[in-house]
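The values are calculated or read from the model by the stated rules, or taken from the named source; none is laboratory data. The structure presented is a predicted model; accordingly, all values stated were derived computationally and were not measured. Positions of Cβ are backbone-derived with ideal geometry, glycine not excepted, and every protein chain shown enters the neighbour counts. Note: accessible area is taken over every heavy atom of the protein model, side chains too, but ligands, DNA and RNA are not part of it. Shrake-Rupley method; radii C 1.70, N 1.55, O 1.52, S 1.80 Å.
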Amino acid sequence: MPASPGLDRPVGPVIIHPTVGMESPWRYRNNIHMAVKDRGGRLVAGYYSSGGRRWVAAEDCPIADERLVALIQAGLRAAEKCGWQAAEETAGSRSQAELATGRGRLYHVAARVAPGTGQTMLIAVVDRERMNRMGEFAARVRDAVPEVTSVILNVRRGRGDGPVYGRRSIALYGPSRIVDRMGGLWFEISPTSFYQVNSLQVERMYELAMEAAGLDGSQRVVDAYCGVGTLSLFLSRGAAQVTGIEVATEAVADARRNVRMNRIENARFQVGAVEELLPSLVADRRPDVVTLDPPRRGCGRAALEALVHAKVPRVVYVSCDPATLARDLRVLADGGYQVREVWPVDMFPQTGHVESVALLVRGDVF
């Protein structure tokens, strides 16, 4: 298949639907994380500018649910009272003597809300498992925000940790996960698992994806990059069998819990990179539909080539970046797919980003 940077050549007649917008495009985010700095002895949270070079203090975020803003501020004030210090990202690693003081350093404060249930979670991202006065920290957060469901300590200190979160999370108060209700389904959400930030719009987007999938109860579906299984569970209502693939172990654990909680029997999940697992899945027994919901970088080439070689009849591509979507659609179109319809969804109002749902079918199957 020839490589091409994007849709620089026609891919056939494509129906582009009007963008699905929001009536109230503010306070929609259900998840935010903010980097912490020390400014004159006071802990202040903020965001990095595009490219990550400049940090900007922010006491509010007008696209975030107000409950998240209150939790972030409560976490900062509690950390101050407990003697926690801000961790400068550019600072070198700490000595064992420093770590032995027990004071600890705070990288980020994050907060999540489950709009369907009202449950909330505060996450403090720190550099050690035993922070100074941890119990007091959780108690102070609860005093400031009595309705908080969970207070979590996330430890980011070793190789393999991400730019925001570490691999280990400790519940200081409440359960280790919160529960959301969306589209008539229940979803458990771990501190670091991916979950779409705009619950109202994602429900609309998944309805479009199900419409594009054309399910009538007989299809076998593979849901690639499935996260905690949100789209997989929606698809299970109209499919004979759904198989989700996700590289994040914690997200798959959430997906399996979500299946049990919703008493769904026709969805299963596999842990691993899509680029490694999808080729064998579609080659062994070709599914009727494959849904793709990759991160911003788009799909790996091996995943796209597997779809082309197996001639999967229908592909539904859910994208958060038009540039990588165009690149990947070019590969699929060159491999024999027709791009039939695209539904843009304004998932991130007040920003330049847009989600899209694209339907592709094989020209030699339909």
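The residue of the stretch 230-254 that is nearest to ARG301 (Cα to Cα), among those that are at pLDDT 95 or above and among the small types (Gly, Ala, Ser), is GLY244. Being within 25 Å of ILE123 (Cβ to Cβ) and surrounded by fewer than 22 Cβ atoms within 10 Å (Cβ to Cβ) is true of TYR165. The residue of the stretch 246-300 that is nearest to SER218 (Cα to Cα), among those that are among the acidic types (Asp, Glu) and part of a loop (DSSP other than H, G, I, E, B), is ASP288. So is ILE152 more than 27 Å from TYR28 (Cα to Cα), β-branched (Val, Ile, Thr), open to solvent by less than 10 Å² (accessible area, probe 1.4 Å) and not in a helix (DSSP H, G or I) or not? Criteria not met by ILE152. Under the condition of being surrounded by 21 or more Cβ atoms within 10 Å (Cβ to Cβ) and not hydroxyl-bearing (Ser, Thr, Tyr), which residue from the stretch 186-203 is nearest to HIS33 (Cα to Cα)? Among them, the one singled out is PRO191. Take the conditions (1) among the acidic types (Asp, Glu); (2) open to solvent by 50 Å² or more (accessible area, probe 1.4 Å); (3) not in a loop (DSSP other than H, G, I, E, B); ASP180 misses just one of them, which is (2). Just to verify a result, which residue in the stretch 219-248, among those that are open to solvent by 20 Å² or more (accessible area, probe 1.4 Å) and touching a residue at least 40 places away in the same chain (Cβ under 8 Å), is farthest from GLY272 (Cα to Cα)? Checking each candidate, the answer is GLN219. Across the stretch 256-279, which residue is nearest to ASP293 (Cα to Cα) among those that are open to solvent by 40 Å² or more (accessible area, probe 1.4 Å) and touching a helix residue (DSSP H, G or I) at 6+ places or on another chain (Cβ under 7 Å)? Going through the qualifying residues, I end up with GLU275.
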